[in-house]
Each structure stands twice: as C-alpha cells, then as structure tokens.
Amino acid sequence: MPQIKFPPNVDPEKQNLWRTSRGRGRDRYLKDSDAVIERRPVTWPYIKRFLGEVRPMRAHVIAAVALMPLAAAGAAIMPVASKVLFDGVIPLAAGKTETLAGRSSELPVLLGRYFPSGDLTIIPAFMGALALLAAASLAIGFLMRYLMMTAGERLVTQMRHKLHDHIQFLSIRYIEDTQVGGIISRVMSDVGEVRSLLFGGFLNFAVNVVRMLVLLGVLFYLDWWMTLASIVLVPGYTVVFLRFRKRLRPAWRHIREEVSRLTARVAEVFGGARVVKAFVQERRENGIFFKWCNDLMRKNMRVHRLHLGMHSSADGVAQMSRVLVLGLGAWRVVDGQISAGDLLAFTGMLFMFFDPMVEAVQINNQLQQAMASVERIYDVLDRKPEVQERPAALRVGRLEGRVEFENVAFRYNREAAKKTLDEVSFAIAPGECLAVVGASGAGKTTLTNLLARLYDVESGRVLVDGRDIRDLELAPYRRNLAVVLQDTWLFNGTVRENIAYARPDATEEEVRRAAEQANALEFIEKLPKGFAEPVGERGVKLSGGQKQRVAIARAILADPRILILDEATSSLDSRAESLIQEALERLMKGRTTLVIAHRLSTITNADRILVLEDGRIAETGTHDQLLASRGAYYRMFMEQYGKVKFLRRAVEQKVGELAALPASAE
Ligand code: ADP
C-alpha cells in the first residue's frame, strides 16, 4: 500500500487516525474514546438555530403539524374497525345481540338502532364507511407529507444558497485551506442531510409521538391492565436507546468528515488528471482511493452495527410486549373481562404502537447524521471573513491609481517566526509600471495579494490614492483592479462569457473591441463558433497563448485603474510572445501596473524595477540604474540572461558606458 500523502491542512492527529486504521476488520480508532474530534454537547443551540432557518417555511410546517393528530388518528381506524366488526357488525348481521366471545358490548344495541337485526346490508354499509374513512386518512397523510416535502426542498435550496453566498465572501485563505472538494461536500451533501433533519428528524418524530399518544389513549380506553402490560418493558428500552444514541453522533461526524475528505480528494485528483497521467500515478491514486473508501466503509459499518443494535433491542422489546399482551389478553377474554373484538383491536393497535418505537431508532439515526452535518454547516456559517470591511468604509468611484506601500509587514501564518514581507515601502505613480523581480519565494505574489486585499497587512499600510485600502469598501475598490495571472483561469463557458466575466452587461461591440486590442480577435474568428466557442474546463480547449490573450481581453474590458500582472514563466514561441507583449502594452497604457516580471522586455520597458529578496526590498531603480549599481539585480540579471553571450557583451558595454558617465548625468 502506498504511503498516503496528506494535504498540509490535515493535522497530525487526524493523520494518525488514518494510520492506526490499517488492518482489516478492526476499527479501534473508531472507539469514541479515541476520537480526536471533540464531542460537543451542542444539540440544543444548533436545533434552535436550525428552527430559525425553518422560519420562512413556517406556514407549511405549521399546517403539516396541525394535520398530524388527524394523520396519527388514521392509524387507529383499522383496529377500531375490527372491534366494531367483531363486536357489532357480525353479531348484528347474524341476528344476535351478544358479541362472539367474552363480555357483552353495547355496540350491537347501538348499531341496532340503524340496521334491523339479521340484515346483511350492514356489511356493505360498514365497508363503505370504512373505505371513506381510509380515503380521508390517506388524503390527510398525502397533504401532510406534501407540505413537508415542499418545506424540505425549500429549506435545502435556502441553506445551499446561504452557504454558497457565505463561502463566496469568505477570505481566500479559508477557501484555499478547505479544498474545493470539502466545500462541494458541504454545499451539496451536508445540506442534503439537513433535509432529513426536517423529514426524518423532527416531523417524523413528532408524527410518531402523536401517533403513540393517540394509540395509548385508545388502548387505555379499551383495557388499562393490558396497556400497562404492554408498556412495562419500555423503560428498559429507553435506557438501551439512550446508551446507543450517545455513540452514534461522533460516529456520524467521523463519517461526514471522511466523505468530505474523499470528495476533496476526488476533485483534486481529477482536477489534476494531466499530472496524474503524466507521472503514471493512476494505480497509486486508485490505491489511495480504495483505502480511503475502505476506511469509510468500516466507519459506516460501525454506524450500521450501532444502528442495528438499537433496532434489534427495540424490536425485541416490541415482541416481548406482544407476547405478554397476547397471553394476558387470552386470559382476560376467557375471564369475560374483555371481548374478542377488544383483544383483536388491542393487538392490532399494539402492533402499531410499537412501530413508532422501532422507527424512532431509524429517526434517531437520521437525526444524528443530520446533526453532524448541521454542525459542519454552522461551522462554516460562523466563520467571519478575515478581510472585512470597516463599518464606515468609503465607497470609492474611479480611482486615480496612486499606490503606496508604507512599511508593510506580513506573514501568512501569525505563528511563523519569519515574516513573508517585511519593511516594504514603495510607491507607484498613476500610470506608472513597476516591475517586481526576485527569486521564487521572495514574496512577489504576496505583494500582489496585499494590493488586491486578498489578505490584510500585519503592520504598515497599503494606500491607494492616499487612502488606506482597509478604509475602502471592498467591492468598489476591487472593481478598480484587474488581475492577469500566470496561470490563466478561464471558466467553462464560451469565449464571449469569459471575456465579459467582469462585465456581463458589455455589448457585443465592446467584447469584440477588447478581443481586438488583446490581439485575440484573429484566432477567435477562426474558431468554429467564434465568440460562442466553448473553452472547456479551465480553458483546456485553447492554447496557452490563446488563453492568455483571452485573459488580457477580459482585463481590458474590465477597464481597471490598477493592473496586477503575473507574467507567465514558460515562454511561448516568438510570434505568440510578441502578440501577447503587444496586447499587454495596450492593456497597461495609462494604468498603474504592478507586474511580476519574467520577460526581459517587460523588465527593461518598466518605468521602475523593484528587487525583492527574502521579503525585503533589496533595490529599486530603472534597469540601467540597477545594472550600474552592480547589486542584487545585476547578479540576478547576469545569472538569467547573461548566459546569452552577445547579450552579456551588450550589457557589459552598456554598464561600461554608464560607468563612464559623470554622476550628475544619471
Ligand atoms: P513569489 O511570488 O516571489 O515566488 P510568494 O509571494 O508566492 O513568492 O511566496 C512568498 C513566501 O510565502 C513563500 O515562502 C511561500 O512559501 C509563502 N506562501 C505563499 N503563499 C502562501 C499561502 N497561501 N500560505 C502560506 N504561505 C504562503
């Protein structure tokens, strides 16, 4: 079995959960005492909040609850009918006044007022009445369930919406840490579980309780001795039930987390299908998946065992009670205390009486499962976005585009000893282009993340047009920005939709012009469906250079004041390069640009260059100035481009020229 690689955010203790889970058939790690995941006594607050979610559907729920006693009473129809049949209808139709066995009943006398003794018409009348009652009961049941279903579906939609909405506005850190699959599983399956909390959980439970009460009432009316005999075992059952119940929730929580992790894994592996195939890791991925599935299966089996245990004990109690009641009933009929019809009605109802009890196990199982999901949902809903708007945040219109970093420091992880960025101060004038260069890991991307306010600075300030960006409303501020990333992200839609992503209301003509400026029009027009051509997931159907030009067109259409560019490191052929270069120049024109530069032409064309080293600014200046000072930039430049001989010569010559100049000429 291959060693499992854990995503970095799985804490070591949970990894141990996996490791100790090796070996077949055992699941010692599933003992609740071993569960790393804490057991919080949270049911009530969560239920209260959950009921709050149900509020918009309250009309449906109240109507369903109101129908409940009627629907529950329907359960008593058949048993009571059998009593009427045995004690009233049959004797009367047969021309007798006493019941078949046991004590006499007033039923034949009662029915005798309407039907003459010995008249068989009473039988069809009885059938008709019974059928009517049954139909009414069915209709009520149907209506009640329909109301519940509607409420349930609405609830699911509403919760999904709420979660999606909330996650959208959570900070990038949470979204990146949670893994896409984890989010999918919360939005889709956890929310689905919540529906069963409404049906399987509360409402079914309530129906059953009401039904038990109705039946209990009728039972007491029929014979309270036998009623006592039938419920004498219930307390024992309750104890067993509660014991099992306590163990069910943590088990379910484990399962929900496993499912979430499995979904995340599947999403990740198939998202990276190219890499998997390129490195021939299909088998290994299968192996890992297989193992994780097996683990999940064992955890599921544990829940099933718990559940079956509860189920069997409920069944056992029901059966024993029936035995007791049948014996006692026979005795009391012989004794003349009750009629045969009473006994028949009684046993019929008693059987039904225990059904809810057995069902309660099922319901409880669903309830525990759903509560585990509800916990996970609220865990997300309770998260506050890390990057927040201040209450009196300013709504900016179109910015001028002056950017300043004032002594900025930042760490991704507040516990980390080393700062990712430290003492970073620089300014970009409106319309200026600043190229950021530096070794990989120097903090270039982090710089752009702070400017886009995906994260907030730890100390210092980021100012735009002289205002701290934390004092600005997020959305209007970000509308002034556009980002063209190295790893161009296109959505699975048409070319047009991707270009118009930031401005879905853009006209055909605007989209076209943007494409033209981005040097993309030519290739787009050659596509079979032109602008309506689907680009495939992440734009797989376009080449690297084409994707980049679509992304540039998208930025052009967004018409930002501040532009963040992350140049692709991989070089394209020279024609594609020059097309993109040209497009970028058009895009950058008149806009403040912060570019993470890799191409020589971008670097040399930039107004200024900022050299980052290990999160600090090593140097700033123009290309010529930096070369002349022979510092970090010079070394880096020589390392990267100096290998090309003629270039080196040219550079050295240039440096020589510069050095020869008098200092005042710089
Ligand atoms: P560059 O863009 O210059 O290659 P980055 O700004 O991406 O560098 O990264 C700077 C440092 O911050 C690196 O050490 C990197 O490991 C770390 N880092 C980057 N992104 C994250 C993140 N989301 N969470 C934690 N650390 C990160």
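Treating only the Cβ atoms of Lys and Arg (+1) and Asp and Glu (-1) as charged, compute the dipole magnitude of region 524-588 about its Cα centre; round to the nearest 20 debye.
Numbers: 10 positive and 10 negative charges, 50 e Å.
So the dipole magnitude of region 524-588 works out to roughly 240 debye.
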Revision key, fill the gap. Ranking Thr446, Thr227, Ala64 by how far each Cα lies towards the positive end of the charge dipole of the chain (+1 on Lys and Arg Cβ, -1 on Asp and Glu Cβ), the top one is Thr227
**Study point:** the chain: calculated mean residue ellipticity at 222 nm from DSSP helix runs of at least 4, using -39500 (n - 2.57)
**Key:** -19000 deg cm²/dmol
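Assuming R0 = 30 Å, can you tell me the calculated FRET efficiency for the pair Val266 and Arg243, based on Cβ-Cβ distance, to the nearest 0.05?
On the way: r = 36 Å, r/R0 = 1.20.
With a Förster radius of 30 Å, E is 0.25.
Express the relative contact order of region 117-240 as a whole percentage, based on alpha carbon pairs under 8 Å and six or more residues apart in sequence.
Numbers: 24 pairs, mean separation 32.5, N = 124.
Across region 117-240, relative contact order equals 26 percent.
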Point to revise | Residue order, fewest to most beta carbons within 10 Å, for Trp224, Trp331 | key: Trp224, Trp331
**Study point:** Relative contact order, percent, the chain [alpha-carbon distance under 8 Å, six or more residues apart]
**Key:** 13
Practice item. Set the Förster radius R0 to 60 Å, insert the Cβ-Cβ distance between Leu120 and Asn300 as r into 1/(1 + (r/R0)^6), and round the FRET efficiency to 0.05. Key: 0.55
Practice item. Please report the base-10 log of the normalised intensity I(q)/I(0) for the chain, using a Debye sum with one equal scatterer per alpha carbon and no solvent, at each q in 0.05, 0.07, 0.10 (1/Å). Key: -0.43, -0.69, -1.07
Check your understanding: Once the other residues with Cβ under 14 Å from the Cβ of Leu434 are scored (Lys, Arg +1; Asp, Glu -1), what is the net sum?
Key -> -2
**Study point:** Centre separation in Å (Cα based) which lies between region 441-499 and region 277-311
**Key:** 40
Point to revise | Cβ-placed point charges (K, R +1; D, E -1), dipole of region 223-267 about Cα centre in debye, nearest 20 | key: 420
Point to revise | region 395-468, relative contact order in percent, only Cα pairs under 8 angstrom and at least six apart counted | key: 44
**Study point:** Listed residue (Val240, His254, Val266) projecting farthest to the positive dipole end of region 218-278, Cβ model
**Key:** Val266
Review point. Roughly what % antiparallel, to the nearest 5, for the DSSP beta bridges in the chain?
Key: 50
Study note, to complete from the structure: Ranking Thr178, Val403, Gln158 by how far each Cα lies towards the positive end of the charge dipole of the chain (+1 on Lys and Arg Cβ, -1 on Asp and Glu Cβ), the top one is Thr178
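Could you pull out the pairs from Lys419/Lys444; Lys246/Lys291; Lys246/Lys299; Lys277/Lys299 whose alpha carbons sit more than 22 Å apart here?
Numbers: Lys419/Lys444 13 Å; Lys246/Lys291 28 Å; Lys246/Lys299 16 Å; Lys277/Lys299 31 Å.
Pairs exceeding the cut-off: Lys246/Lys291; Lys277/Lys299.
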**Study point:** Check: the chain dipole with +1 on Lys, Arg Cβ and -1 on Asp, Glu Cβ, in debye
**Key:** 1400
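Highest first, please rank the peptides 501-508, 211-218 by the mean number of other Cβ atoms sitting within 10 Å of their residues.
Details: 501-508: 12.8, 211-218: 18.9.
Ranked from most to least packed, the peptides come out as 211-218, 501-508.
Only helices at least 15 Å long along their own axis, judged from Cα atoms, and with Kyte-Doolittle mean hydropathy of 0.5 or greater: name those in the chain from DSSP H. Could the numbers behind the result be given before it?
Details: long enough: 43-54 (16 Å, -0.12); 58-73 (23 Å, 1.61); 122-169 (70 Å, 0.78); 204-222 (27 Å, 1.90); 234-271 (54 Å, -0.19); 282-334 (75 Å, -0.18); 340-381 (60 Å, 0.58); 544-558 (21 Å, 0.23); 574-588 (20 Å, -0.21); 645-660 (22 Å, -0.22).
Correct list, ordered by number: 58-73, 122-169, 204-222, 340-381.
Coordinate-derived values only; no laboratory data. Note that the structure is predicted; figures quoted are calculated from it, not measured. Counting neighbours? That spans all protein chains shown, and the Cβs are built from the backbone with ideal geometry, glycine included.
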